[in-house]
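The values are calculated or read from the model by the stated rules, or taken from the named source; none is laboratory data. Quantities reported herein were computed from a predicted structural model and do not represent experimental measurements. Neighbour counts are summed over all protein chains in view; Cβ atoms, including those assigned to glycine, are modelled from backbone coordinates with ideal geometry. To get the accessible areas, we keep the full protein, side chains included, count just its heavy atoms, and leave off ligands, DNA and RNA. Shrake-Rupley method; radii C 1.70, N 1.55, O 1.52, S 1.80 Å.
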Amino acid sequence: MAEVPMTGGRFEAILDAYGADPRRWPDAERAAALAFAAADPGAPALLAAAADLDAAIHMATPDPAATPLREAIVASAKSAPPR
C-alpha cells in the first residue's frame, strides 16, 4: 500500500487528535508527519500550540487521591456502623 502524502490539514488533524508528542501519533502516519514537520515552515508554530495545549491539559488533570488518604477513607467507611 502506497503511503499517502501528508498535507497541512491532515497534520493539524493529527495534532488536534493526538497532541504534539510524535509517540502518540498513528504509527502509519508518524514518518510522514515528522517529515512534514521538518519541511513545512508553519509546522513549528502548530507544534508549539499543540504542546501548549498538552501542557494545559496536563496541568488541569487532577492527580488521583494519594494512596494514604484513599486508604484512610476506605478504612473509615468500612468501620462506620451501618445506618
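Tabulated results
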| quantity | calculated |
| --- | --- |
| Neighbourhood net charge (13 Å Cβ-Cβ; Lys/Arg +1, Asp/Glu -1) for A77 | +2 |
| Theoretical ellipticity at 222 nm over the chain - DSSP helices of four or more residues, -39500 (n - 2.57) apiece, nearest 500 | -21500 deg cm²/dmol |
| Solvent-free Debye scattering, log10 I(q)/I(0), computed from the Cα coordinates of the chain at q = 0.14, 0.25 Å⁻¹ | -0.58, -1.16 |
| Carbon plus sulfur fraction of accessible area for the chain, probe 1.4 Å, in percent | 64 |
| FRET efficiency for A77 and A13, using Cβ-Cβ distance with R0 set to 35 Å, rounded to 0.05 | 0.15 |
| Accessible area per residue in Å² at 1.4 Å probe, computed on the chain | 76 |
